[in-house]
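The next block holds one structure in the form of structure tokens; read it before the comments.
The values are calculated or read from the model by the stated rules, or taken from the named source; none is laboratory data. Predicted model, so just to flag it, every value in this text is computed and none were measured. Using ideal geometry, Cβ is built from the backbone for each residue, glycine included, and neighbour counts are taken over all protein chains shown.
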Amino acid sequence: MARARSRQKTAAVPTGTRTDRAPKTRRKKAASSVETKLVGMADVVIQAAQRSRDPGFEIPVRALSNVSFNPRKGMIEMGSRKQERTFFNVGMAKKFMQTMLVADALAELQRADLTTSLREIYYRTKHTIQNSQENTFDTQDESDPIIEDLEVSLSELREELHVRAENGGSVVGPLVLGDDGDRVDCSRLGKGGYSVPSIVEPEYLEIQKCTADFLLVVEKGTQWNRLSEDKFWKKYNCVLLTGNGQPPRGVRRLARRLHEEKKLPVYVLVDNDPWGYYIYSVVKQGSTTRTSRAPGSCSTTPGSRKGSGSRRSSACSRAASNTSSTRSPIRTFST
């Protein structure tokens with residue numbers, strides 16, 4: 001009986017479900033590195049004060065004049081131009097204060113190992129300065145750009161600063177992911193698929209298995225729903241991915257990872273109009289509105305389409321990431 005019980009206990013533990021701790025370890029190291037960088041900004045101010053100097057730091061210029069297309073990588077990258085932000089400059093004093101406030105809030109998130117939203121950062125850092133009627137922030141439109149400044153200055157993704165956006169995409173197909181120790185089989189989650197998180201870096205999301213022949217990125221959520229309901233992915237052995245319009249960063253980075261790590265050819269189904277081609281170009285090579293260190297991690301772009309009532313046909317455009325494809329015309333197929 002004792003032997004039988006021993007065998008039963010041994011058999012009760014599946015051999016293939018052991019949680020890989022490597023991603024969590026890498027994640028902790030990354031968080032420690034981010035916190036060190038944020039604390040380093042405060043050290044700069046302290047050291048400048050001790051030497052009776054004007055504290056300041058450099059912020060990369062996030063403008064069209066400071067971005068260029070890298071034909072070798074097939075993506076848009078930020079240039080080397082920077083702007084100094086100092087405290088004793090009247091025109092920059094408030095922006096300097098706002099930057100330090102946001103950096104302090106982000107450092108607290110790192111220490112507590114918590115994440116929050118863009119909106120919550122705004123509320124955390126907004127208050128009225130003592131003995132004055134001046135607010136640190138008047139609207140969220142002031143705090144959001146500060147976070148983007150810190151992203152490019154520290155060479156970290158927004159999500160690595162523990163600031164997240166709402167999940168804005170879905171994926172379904174023969175794809176198995178590891179999400180915080182959980183095994184997610186995207187072929188067994190029903191027609192709704194798996195909600196793509198805002199951060200899909202290897203430390204946070206593992207691509208454990210993918211047997212698809214290609215990846216199809218669908219612009220519209222309604223079209224994706226129809227293809228998912230019809231089991232298009234099963235009939236043609238592909239992964240279906242959507243960003244419900246302008247794809248958010250997580251969707252674009254997941255598409256890039258599937259292409260680079262699993263060598264999947266990528267096709268993009270968009271409207272056959274300028275906005276559709278723009279979405280295709282953003283998926284393929286990034287956006288000019290903001291560039292970052294990570295492939296396909298450029299920030300969101302103008303979100304509303306004007307003239308949506310005009311007649312449009314759909315087009316399916318191949319999104320290859322090799323160098324030669326950037327010089328050839330986009331191939332479209334009307335449907």
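Below is a table of values for the structure above.
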item: Single condition ASN272 does not satisfy, out of (1) over 30 Å from LEU154 (Cα atoms); (2) at pLDDT 90 or above; (3) in contact with a strand residue (DSSP E or B) (Cβ under 7 Å, 6 or more places away or on another chain); result: (2)
item: Check on GLN98, loosely packed, with under 12 Cβ neighbours inside 10 Å and more than 23 Å from PRO197 (Cβ to Cβ); result: no
item: Which listed residue is surrounded by 20 or more Cβ atoms within 10 Å (Cβ to Cβ), modelled with pLDDT under 50 and among the aliphatic types (A, V, I, L, M), from ALA315, ALA255, ALA294, ALA320; result: ALA315
item: Hits in the stretch 173-214 - residues which are of a type in the set (A, V, I, L, M, F, W, C) and either farther than 29 Å from GLU156 by Cα or outside the structural domain of SER228 (by TED's automatic domain parsing) (or both); result: LEU189, ALA212, PHE214
item: Leading residue by the ranking (nearest to the chain's Cα centre (by Cα)) among those in the stretch 189-248 that are free of Cβ contacts under 8 Å to residues at least 24 places away in the same chain and over 18 Å from LEU177 (Cβ atoms); result: THR222
item: Checking GLU142 against (1) on the phi < 0 side of the Ramachandran plot; (2) at pLDDT below 90, the condition it does not meet; result: (2)
item: Top-ranked residue of the stretch 40-62 - restricted to ones that are in a loop (DSSP other than H, G, I, E, B), out of contact with any strand residue (DSSP E or B) (no Cβ under 6 Å at 6 or more places or on another chain) and in contact (Cβ under 8 Å) with a residue 12 or more places away in the chain, ranked as nearest to VAL102 (Cα to Cα); result: PRO55
item: In the stretch 170-186, residue surrounded by the fewest Cβ atoms within 10 Å (Cβ to Cβ) [restricted to those that are in a loop (DSSP other than H, G, I, E, B) and at negative phi]; result: PRO174
item: Residue check, GLU206 in contact with a Pro (Cβ under 8 Å, 6 or more places away or on another chain), of a type in the set (D, E, K, R) and at pLDDT below 95; result: yes
item: Test set (1) surrounded by 13 or more Cβ atoms within 10 Å (Cβ to Cβ); (2) at pLDDT below 85; (3) farther than 27 Å from TYR204 by Cα - THR136 fails condition number; result: (2)
item: Unique match (being at pLDDT below 95 and part of a helix (DSSP H, G or I)) among LEU189, LEU150; result: LEU150
item: Verdict on GLU77 being under 17 Å from SER155 (Cβ atoms), surrounded by 14 or more Cβ atoms within 10 Å (Cβ to Cβ) and either in the same structural domain as PHE137 (by TED's automatic domain parsing) or at pLDDT below 90 (or both); result: yes
item: Tally of residues being assigned to a loop (DSSP other than H, G, I, E, B) and either on the phi < 0 side of the Ramachandran plot or surrounded by fewer than 16 Cβ atoms within 10 Å (Cβ to Cβ) (or both) across the stretch 192-210; result: 9
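Quick grid of which residues meet (1) of a type in the set (Phe, Trp, Tyr); (2) touching a strand residue (DSSP E or B) at 6+ places or on another chain (Cβ under 7 Å); (3) modelled with pLDDT under 90:
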{"site": "TYR123", "(1), (2), (3)": "yes, no, no"}
{"site": "LYS126", "(1), (2), (3)": "no, yes, no"}
{"site": "ILE146", "(1), (2), (3)": "no, no, no"}
{"site": "LEU175", "(1), (2), (3)": "no, yes, no"}
{"site": "GLY178", "(1), (2), (3)": "no, yes, no"}
